[in-house]
Amino acid sequence: MRVSYFPGCTLNTTGKGFDHAVRASSAAVGLELVELPEWNCCGATYPLIIDNMLELAAPAHVLVSARDEGTTVTTACTTCYNVLKRTNKFIREHEEERERINAFIEADYSGEVEVMDILHLLRDQVGFEAVQSKVQKPLKDLRVAAYYGCMVLRPPDEVAYDDVDHPQSLDDLMTALGATAVDYPHKAECCGAYLAVKEPDITREMVYTILRSALAAGAEAVATNCPLCQFNLDKQQAEMRRVYAGYQPVPVFYFSQLMGLALGLDASEYGWDRHYIDARPLLAERGFWDGRAGAGDATQ
């Protein structure tokens, strides 16, 4: 199965490990991600109030590029997914504004493309049973808390493909990979997102609440499908160790990293040295690490 793929800015820079892992693991289960030959930044945020059509020009241009390549476009960045999905819906439903956007980007687009998050595509088009059948090194007894964040859940009527209050897709993928999915009540809470730039203390408190909940439920690792969430949950733990006595950090994986390991793929390009909390000791201790990760120590 071939599907157009929009990597976005983060997966093309700081999130290259996520990108490498998602491309390789998708290919291993029969899903070929074909990068759009021409793409630009999606804009990174969807405007709360659309009073200037230029705010949607960037994501609209991406959608036009995707339309020229096929009927479906997928992305692994949940922020990109949120922006593209909502822009596509807006263009479909607002004719007058659509004409203005098309005039500006010199295109004729009315929302023909279907925008899908990569996890949604793996669940509904590939199927987690098919993924499970390809597993070579099951993540047996690894207790993983799936963390969803906001971007694939809210606003529900525009982007959600899972139960908003009790999402399950990422949990089900972890189970298919042989891990033990740990249920906990904060899997869909916000991590603070861009507040990390302006109000890091508030973000730290939000992250602490999420991770404390996961640890209390018995998790020894966290898996997420959001680059910004991974950054916040990972980086904030250094400060949390200083502020909260006795806090023990937990590795925060991209789901595709664990998927690649379970599928028996070479994990050397998965960006392990960009983690603030080194995930490799846990993997080695549990027998999931064979050293194929390249050089470099993670920042502690």
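Assorted remarks:
Each row is one residue, and each column tells you yes or no for (1) modelled with pLDDT under 95; (2) closer than 20 Å to A24 by Cα.
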{"residue": "V197", "(1), (2)": "yes, no"}
{"residue": "R212", "(1), (2)": "no, no"}
{"residue": "G218", "(1), (2)": "no, no"}
{"residue": "T224", "(1), (2)": "no, yes"}
{"residue": "S256", "(1), (2)": "no, yes"}
{"residue": "Y276", "(1), (2)": "no, no"}
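- Scanning the stretch 1-34 for residues that are small (G, A, S) and either buried (at least 24 other Cβ atoms within 10 Å of the Cβ) or not in a strand (DSSP E or B) (or both) returns G8, G15, G17, A21, A24, S25, S26, A27, A28, G30.
- Considering only residues in the stretch 86-111 that are of a type outside the set (S, T, Y) and not in a helix (DSSP H, G or I), the one that is most open to solvent (accessible area, probe 1.4 Å) turns out to be E106.
- Residue list for the stretch 223-269, filter: touching a residue at least 40 places away in the same chain (Cβ under 8 Å), over 26 Å from I202 (Cβ atoms) and among the hydroxyl-bearing types (S, T, Y): S256
- Summed over the stretch 211-225, the residues that are open to solvent by less than 20 Å² (accessible area, probe 1.4 Å) and either closer than 17 Å to A279 by Cα or of a type in the set (D, E) (or both) give a count of 8.
- The residues listed here are T79, T74; of these, the one that is over 24 Å from L265 (Cβ atoms) and either loosely packed, with under 14 Cβ neighbours inside 10 Å or polar (S, T, N, Q) (or both) is T79.
- Considering each residue of the stretch 47-58 in turn, at least one proves to be open to solvent by 30 Å² or more (accessible area, probe 1.4 Å), in contact with a Cys (Cβ under 7 Å, 6 or more places away or on another chain) and in a helix (DSSP H, G or I).
Listed here are the residues, each with its yes/no results for (1) open to solvent by less than 30 Å² (accessible area, probe 1.4 Å); (2) charged (D, E, K, R); (3) more than 24 Å from L258 (Cα to Cα).
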| site | (1), (2), (3) |
| --- | --- |
| A146 | yes, no, no |
| P155 | no, no, yes |
| P167 | yes, no, no |
| C190 | no, no, no |
| Y208 | no, no, no |
| L228 | no, no, no |
| D234 | yes, yes, no |
| Q237 | yes, no, no |
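- Unmet requirement for V83, which otherwise passes all of (1) out of contact with any helix residue (DSSP H, G or I) (no Cβ under 6 Å at 6 or more places or on another chain); (2) in a helix (DSSP H, G or I): (1)
- Contact map, the stretch 116-127: residues that are more than 11 Å from Y161 (Cβ to Cβ) and at pLDDT 95 or above paired with residues that are open to solvent by 10 Å² or more (accessible area, probe 1.4 Å) and not hydrophobic (A, V, I, L, M, F, W, C), Cβ distance under 9 Å, separation 6+ or inter-chain. Pairs shown: Q125/T72; V126/G30.
- Taking first residues from the stretch 147-162 that are touching a residue at least 24 places away in the same chain (Cβ under 8 Å) and partners that are among the hydroxyl-bearing types (S, T, Y) and open to solvent by 10 Å² or more (accessible area, probe 1.4 Å), the Cβ contacts under 8 Å between residues at least 6 apart in sequence or on separate chains come to M151/T79; V152/Y161.
- Selection status of E69, within 30 Å of E129 (Cα to Cα) and in a loop (DSSP other than H, G, I, E, B): yes
- Pairs, first in contact (Cβ under 8 Å) with a residue 40 or more places away in the chain in the stretch 40-62, second of a type in the set (K, R) and surrounded by fewer than 17 Cβ atoms within 10 Å (Cβ to Cβ), C-beta under 7 Å, six or more apart: M53/R100
- Test result for L63, in a helix (DSSP H, G or I), touching a helix residue (DSSP H, G or I) at 6+ places or on another chain (Cβ under 9 Å) and crowded, with 16+ Cβ neighbours inside 10 Å: yes
- Hits in the stretch 239-295 (condition: crowded, with 19+ Cβ neighbours inside 10 Å, under 20 Å from the mean Cα position of the chain (by Cα) and in a helix (DSSP H, G or I)): F255, S256, Q257, L258, M259, G260, L261, A262, W272
The values are calculated or read from the model by the stated rules, or taken from the named source; none is laboratory data. Computed from a prediction, not measured in an experiment: that's the story for all the values here. In this analysis, Cβ positions are derived from the backbone assuming ideal geometry, glycine residues included, and neighbour counts consider all displayed protein chains. Note: areas computed on protein heavy atoms with side chains; ligands, DNA, RNA excluded. Shrake-Rupley method; radii C 1.70, N 1.55, O 1.52, S 1.80 Å.
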